[in-house]
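Chemist: Below are the structure tokens for one structure; questions will follow.
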Amino acid sequence: MTDTRPIAVFGAGGKTGTELLRRALARDIPIRAFEHTVPGPDERVGDFEYIECDVLSDDFAGDLDGCRAVISTLGVAFGPGNAIDPPPLYSDGTRNLLGAMAQAKIDRIAVISAAFVEHQSSVPAWFELTAKPALFNILEQMRAMEAMLSDAQGIKWTAARPGWLLDEPYTGDAVISDERLAEGCFRCRHADLAASLLDFVCEDIWINAKPAIGRPEAEQFESPAAIKAELGID
């Protein structure tokens with residue numbers, strides 16, 4: 001029987017969150033959308049219920065009542081300030097999500113981590129040497145989040161590990177592998193990540209696992225110049 005209870009999506013107004021809501025709308029999957037600043041009517045997806053929520057400071061357990069699962073698409077945007085002192089969305093935010101889930105008696109969660117939390121043979125050496133050091137503090141928080149999920153009792157979790165995210169249209173042919181990116185799959189589109197997260201929860205797959213998600217992309221998206229331009233580094 002199809003579960004008609006909504007899925008709680010945090011970070012619903014971000015790039016991956018918005019794509020996830022679009023995929024859910026197309027599949028007629030009910031969503032309860034949580035966002036730090038609720039988007040205006042013209043920016044919302046479908047007629048989903050939007051709830052304003054700060055996972056670092058709000059008490060939102062009651063807003064999870066009736067939900068079957070949580071998907072966190074929360075993320076820290078890269079920039080000089082966040083690189084030095086990122087907000088604790090992955091660590092404290094995930095801890096607060098787990099606490100609220102316990103109160104609401106929800107045992108399923110999927111979150112976004114990153115493939116780069118550990119060495120990936122498919123990641124170009126230049127990225128390891130130039131870009132990854134700039135992400136150190138953010139990746140440390142992701143590692144803490146993954147450890148927290150691993151230690152949680154009675155929780156079915158999935159920590160998705162996308163490659164370097166790319167804002168391009170959905171393809172449906174992302175390659176999903178256990179913990180490490182498949183060879184040649186350095187990048188991951190927001191839309192493909194969103195669809196994968198929805199599948200993980202709706203199909204109850206990749207339980208207590210860290211699926212890596214990526215696909216081969218054109219040189220214009222994978223070149224050192226393109227990545228460095230996105231990161232704002234020389």
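Chemist: Under a Cβ-only charge scheme (Lys and Arg +1, Asp and Glu -1), can you give me the dipole magnitude of region 75-159 about the Cα centre, in debye to the nearest 20? Before the final figure, lay out the partial values.
Modeler: On the way: 6 positive and 8 negative charges, 57 e Å.
So the dipole magnitude of region 75-159 works out to roughly 280 debye.
Chemist: Using modelled backbone amide H atoms (1.01 Å from N, in-plane), which distant-in-sequence or interchain residues come within less than 5 Å of Leu165's amide H?
Modeler: Counting only residues 5 or more places away or on other chains, the set is Cys188.
Chemist: Can you give the accessible area per residue of the chain, in Å², using a 1.4 Å probe? Intermediate values should be presented prior to the final figure.
Modeler: Working: 10620 Å² over 234 residues.
Accessible area per residue, the chain: 45 Å².
Chemist: Helix 190-202 versus the longest principal axis of the chain: what angle, 0 to 90°, nearest 10, using Cα atoms?
Modeler: The helix 190-202 is inclined about 40 degrees to the chain.
Chemist: Let me ask something additional. Under 26 Å between alpha carbons, and skipping anything fewer than 8 positions from Lys105 in its own chain: which lysines qualify?
Modeler: Excluding near neighbours in sequence, the set is Lys156, Lys210.
Chemist: Hey, another quick one. When the accessible area of region 184-226 is split by element with a 1.4 Å probe, what percent falls to carbon and sulfur?
Modeler: Whole-percent figure for carbon plus sulfur exposure: 50.
Chemist: Using just the helices of the chain, give the 222 nm mean residue ellipticity in deg cm²/dmol: DSSP H runs with n ≥ 4 each add -39,500 (n - 2.57), and the total is spread over all residues, rounded to 500.
Modeler: Per the formula, -8500 deg cm²/dmol.
Chemist: Using a 10 angstrom Cβ neighbour count of at most 12 plus a DSSP loop assignment to flag exposed trypsin sites (Lys or Arg not before Pro), which longest range of the chain is free of such sites?
Modeler: 106-234
The values are calculated or read from the model by the stated rules, or taken from the named source; none is laboratory data. None of the values given here were measured: they were computed from a predicted structure. Note that each Cβ is placed from the backbone with ideal geometry, even for glycine, and that neighbours are counted across all protein chains shown. Side chains are part of the model used for accessible areas, which takes the heavy atoms of the whole protein and leaves out ligands, DNA and RNA. Shrake-Rupley method; radii C 1.70, N 1.55, O 1.52, S 1.80 Å.
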